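*Asks:* Starting off with a structure, shown below.
Just so you know, all these numbers are worked out from the coordinates, no wet-lab data involved. Just so we're clear, the structure is a prediction, and the values are computed from it rather than from any experiment. Quick reminder, even Gly has a Cβ in these numbers, built from the backbone with ideal geometry, and neighbours come from all protein chains shown.
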Amino acid sequence: MKLFQRILSNLSFFIIVMLLFLLFFQNKVSLPPSLQAGGRMHPLLLHLPIGLLVISFILWLGKRNIDTGSFQKIFILVLQVTAFTAALTALMGFFLSREGGYDETILLKHKVLGIVTAILSYTLLLVFKSFPEKNFVFGTIITISLGVMIIGSHFGSNLTHGEGFVWQPLKSEKDIEEKITDSSSLFTAAIRPILKSKCFSCHNEKKSKGGLIMTTEEKI
């Protein structure tokens, strides 16, 4: 088990260093098809570090109810897996980002916050292993980590589902529905509402997947 944990820690550090290098030289990076395929696993992997980081926070809050020796062994393992999956998810996300078709401003924020989340996850492991009694320091870092992860996930949802995806159900119907009159074109009255519900999230001015924008008849 110690060998496995050491391998996870070393891999996490290696991936984080690679991520920082790729971030600074991303415009010069050209990916082979095999890595592009790996990048498409980003949506599959991203739920692992999110769940593990939340579990880590819950375990840390309830540590007084767990035997100290058992807690440290379990907690270190959870932190190591969290750091590794966070780093791997950020790497796959970087590979996916090279396909293009995303709003560059939102993409950069999501990318940077994803890498910061990976760095903070690895920092949590180092802090707990070196200073297990520093509750305030660890508590501060894990709280910041959760905040960064939530904000980064928000930008990720904007990239995937369109801007304002989270808050859309809270908008009134008047804000969502478009006014259709007798003078409205067939496209506006019958076609655009279908495209809006099914296609706009991936094919709009800020996220033009495949270079296709479907928000207006002219752009189609």
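*Asks:* Evaluate the distance, in nm, between pseudo-label points positioned 7 Å from the Cα of ARG98 and of ALA189 along their respective Cα→Cβ axes.
*Replies:* Between ARG98 and ALA189, the simple spin-label model gives 4.9 nm.
*Asks:* Let me ask you something else. Full extension from ILE74 to LEU61: what is 0.36 nm times the residue separation minus their Cα-Cα distance, to one decimal in nm? Numbers along the way, then the final one.
*Replies:* Details: separation 13, 0.36 × 13 = 4.68 nm, distance 1.41 nm.
In short, 3.3 nm is gained.
*Asks:* Still on this model: Step through the table entries LYS179/LYS209; LYS111/LYS209; LYS196/LYS219, compare each Cα-Cα distance with 23 Å, and write down the pairs that go over it. Don't skip to the end; give the middle numbers.
*Replies:* Details: LYS179/LYS209 28 Å; LYS111/LYS209 18 Å; LYS196/LYS219 14 Å.
LYS179/LYS209, as the Cα separations exceed 23 Å there.
*Asks:* Can you give the net charge of the other residues whose Cβ lies under 13 Å from the Cβ of LEU22, counting K and R as +1 and D and E as -1?
*Replies:* Working: positive: LYS28, ARG98, LYS111; negative: none.
Value of the local net charge: +3.
*Asks:* With labels modelled as points extended 7 Å from the Cα through the Cβ direction, what inter-label distance (nm, one decimal) is found for MET18 paired with ALA37?
*Replies:* Going from the MET18 label point to the ALA37 one covers 1.7 nm.
*Asks:* Another question, if that's okay. Pick from GLY93, GLY114, GLY38 the residue whose mean-square fluctuation is largest in a GNM of the chain, springs joining Cα atoms under 10 Å.
*Replies:* The residue that fluctuates most here is GLY38.
*Asks:* Evaluate the relative contact order of the chain (contact order divided by residue number), counting alpha-carbon pairs under 8 angstrom at least 6 apart; express in whole percent.
*Replies:* Worked out over the chain, it gives 20 percent.
*Asks:* Additional query: Can you compute the label reach from PHE4? Point 7 Å from Cα along the Cβ direction, backbone N cut-off under 20 Å, restricted to region 75-99.
*Replies:* Counting backbone N atoms under 20 Å from the label point, the list is 75-89.
*Asks:* In addition: Pick from ARG98, ARG64, ARG192: which is most flexible by mean-square fluctuation in a GNM of the chain where alpha carbon atoms under 10 Å apart are linked?
*Replies:* Answer for the Gaussian network model of the chain: ARG64.
*Asks:* Can you give the FRET efficiency for HIS154 and GLU205, using 1/(1 + (r/R0)^6), R0 = 25 Å, r = Cβ-Cβ distance, to the nearest 0.05? Could you put the intermediate results ahead of the total?
*Replies:* Numbers: r = 20 Å, r/R0 = 0.78.
It comes to 0.80.
*Asks:* What order, most packed first, do the peptides 210-219, 71-80 have when packing is the mean number of other Cβ atoms within 10 Å of each residue? Mind showing how you got there, number by number?
*Replies:* Values: 210-219: 12.8, 71-80: 17.8.
Top to bottom by mean Cβ count within 10 Å: 71-80, 210-219.
*Asks:* Return the calculated 222 nm mean residue ellipticity for the chain, to the nearest 500 deg cm²/dmol, obtained by summing -39500 (n - 2.57) across DSSP H runs with n ≥ 4 and dividing by the residue count.
*Replies:* On the way: 9 runs with 144 residues, N = 220.
My calculation for the chain gives -21500 deg cm²/dmol from helical runs alone.
*Asks:* With 32 Å as the limit, write out which pairs from LYS63/LYS109; LYS109/LYS129; LYS2/LYS63 have Cα-Cα distances beyond it, or answer none.
*Replies:* On the way: LYS63/LYS109 34 Å; LYS109/LYS129 30 Å; LYS2/LYS63 22 Å.
Violating the 32 Å Cα-Cα cut-off are LYS63/LYS109.
*Asks:* Suppose R0 equals 22 Å; then what is the FRET efficiency for VAL112 and PHE136 from their Cβ-Cβ distance, rounded to the nearest 0.05? Show your work: numbers first, answer last.
*Replies:* Values: r = 27 Å, r/R0 = 1.21.
Computed FRET efficiency for VAL112 and PHE136: 0.25.
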